[in-house]
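Just below is one structure, and these are the notes that go with it.
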Amino acid sequence: MIKKLILISVAFVLGLVVLAVAFLGLRGPTIATPSSIAVEMSPKNLERGKYLYENLMHCDGCHGQNDYTRFASPVLPGRSGAGQVFPKEMGLPGTIVASNITPDSDTGLGRWTDGEKLRAVREGISKDGRPLFPMMPYTYYRKMTDDDAYALVAYMNSLPAVRNGLPKTSIDFPVSLMIKGVPQPVVPVKDIDRRNTVKYGEYLVTLGGCVECHTPQVRGRLVADKHFSGGRMFNVGFARVVSANITRNDESGIGRWTETQFIEKFAQYRGYAEKGSPKVSNDDFTLMAWVNYARLPDEDLRAIYNYLRTQPAIYNAVDSHPDKPAKR
Ligand code: HEC
Ligand code: HEC
């Protein structure tokens, strides 16, 4: 009798465990129906979209095929949005593929509606309802204003179609289950008041994903009290680079930089943005998109500086180019 009771209760507990696993596995992400909007392909949208895509948000950092032999890895001619498989050395949980986001019908987004593109970018849901790996910065992009999101999609629609078939992303267990809760439907986001420079700067920093690169991570999560203090190591196989401390800490951050110096630091690369950037050795490799950011207008750079000044000063001494022979 007792044996039987034990067996029944064991079976019951096992049943619960199976149910729990099945629930977690089957539970889909929160998915909203894509909007039926067709974005306006106006010159204004295309210009704003180009700025967002190429400069502030630098989509090609992940989705482009880039020339890693030149300073700040400019995109190769005709390969904008073509997509790439990230190298193993980056230590990602699985094979992560930045999709072909050009309008090619077979290998890109040619058959997607604008609503589906908007949903992927801001909500993290692919056309088929699959949750996207959050390395795609949709948790930041969900803060994008509706008008900016429409402009971005208009520009994506105008990219030359590139035929480039890629493998599918395959995310390791259990990360594959854990990311299901990340996508979220967006609520409409209204325009940002540019006169409030700190708020406007916060918006730019969010779209630029600055905190993501400039914060150390533990198991894929940003360390909460180390935001903007740098020290995140990027190993791309042939080279390594460590993000800088951009807090207003005096010794290890950019505390001593004036607003003018900050703007100058970016503006110095405006020539490269015009004429192309020079070859560099692997020791000077960087993922900081200096040449793309060089086209940020002074107004935007000023706002970014002002927002960064409102963030806590954190001491964290960083060597950005650890493989560079020490200077004598
Ligand atoms: C830090 C790298 C990174 C940046 C920056 C980035 N993406 Fe992505 N994006 C990805 C990855 C990785 C995926 C694929 C995720 C997956 O397959 O789960 C993706 C997926 C997408 C998808 C969905 C494609 C599909 O087949 O489901 C779209 C659309 C997209 N990105 C557009 C953009 C746009 C537009 C920008 C710039 C505003 C951008 N991405 C910036 C990494 C990035
Ligand atoms: C893809 C990752 C990445 C993103 C996104 C990124 N950075 Fe960086 N950043 C780096 C790395 C790596 C370095 C250090 C190497 C170098 O200076 O090129 C760096 C360096 C810097 C420096 C130089 C600091 C110094 O002490 O010389 C500043 C300033 C900076 N970033 C600001 C920003 C701002 C503002 C944003 C957002 C608009 C941003 N970064 C986005 C990776 C990134």
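The values are calculated or read from the model by the stated rules, or taken from the named source; none is laboratory data. Predicted model, so just to flag it, every value in this text is computed and none were measured. Quick reminder, even Gly has a Cβ in these numbers, built from the backbone with ideal geometry, and neighbours come from all protein chains shown. Heavy atoms of the whole protein, side chains included, go into the accessibility calculation; ligands, DNA and RNA do not. Shrake-Rupley method; radii C 1.70, N 1.55, O 1.52, S 1.80 Å.
Over the alpha-carbon set of the chain, work out the extent along each principal axis and list the three values in angstrom, largest first.
Cα spread of the chain along its principal axes, largest to smallest: 83, 50, 40 Å.
Could you tell me the largest-minus-smallest coordinate of the C-alpha atoms of segment 31-191 on each of the three principal axes, in descending order and whole angstroms?
41, 38, 28
Can you send over the carbon and sulfur percentage of the accessible area for segment 193-328, probe radius 1.4 Å, protein chains only?
Roughly 48 percent, rounded to a whole number.
Among Ala161, Ala38, Ala151, determine the one that fluctuates most according to a GNM of the chain built with springs between C-alpha atoms less than 10 Å apart.
Its mean-square fluctuation being the largest, the pick is Ala38.
Mind checking which of Asp114, Asp148, Asp193 has the largest fluctuation in a GNM of the chain, springs on alpha carbons under 10 Å?
Asp193
Going by average Cβ density within 10 Å per residue, which order do the peptides 233-244, 290-301 take, highest to lowest?
My ranking of the peptides, most packed first, is 290-301, 233-244.
For the chain, give the magnitude of the charge dipole about the Cα centre (Cβ charges: +1 Lys/Arg, -1 Asp/Glu; no others), in debye to the nearest 20.
820
Can you work out the accessible area per residue across the chain, with the rest of the protein chains kept in place, probe 1.4 Å, in square angstrom?
Roughly 55 Å² per residue, with all protein chains present.
Rounded, prolate or oblate: which one fits segment 156-256, using the alpha carbon gyration tensor with axes a ≥ b ≥ c (rounded when a/c is under 1.5, else prolate when a/b beats b/c, else oblate)?
Verdict is oblate for segment 156-256.
Which residue, Ile37, Ile314, Ile246, has the most motion in a Gaussian network model of the chain that connects Cα atoms within less than 10 Å?
Ile37
Aspartates and glutamates near Lys275 by alpha-carbon distance under 19 Å, same-chain residues fewer than 8 away left out - which ones?
Once the sequence-local aspartates and glutamates are set aside, what remains near Lys275 is Glu54, Asp60, Asp67, Glu264.
How many angstrom separate the Cα center of segment 149-226 from the Cα center of segment 240-272?
Centre-to-centre (Cα) distance: 23 Å.
Mind checking which lysines have their C-alpha under 27 Å from Lys279, skipping anything on the same chain fewer than 8 residues away?
Lys50, Lys88, Lys265, Lys324, Lys327
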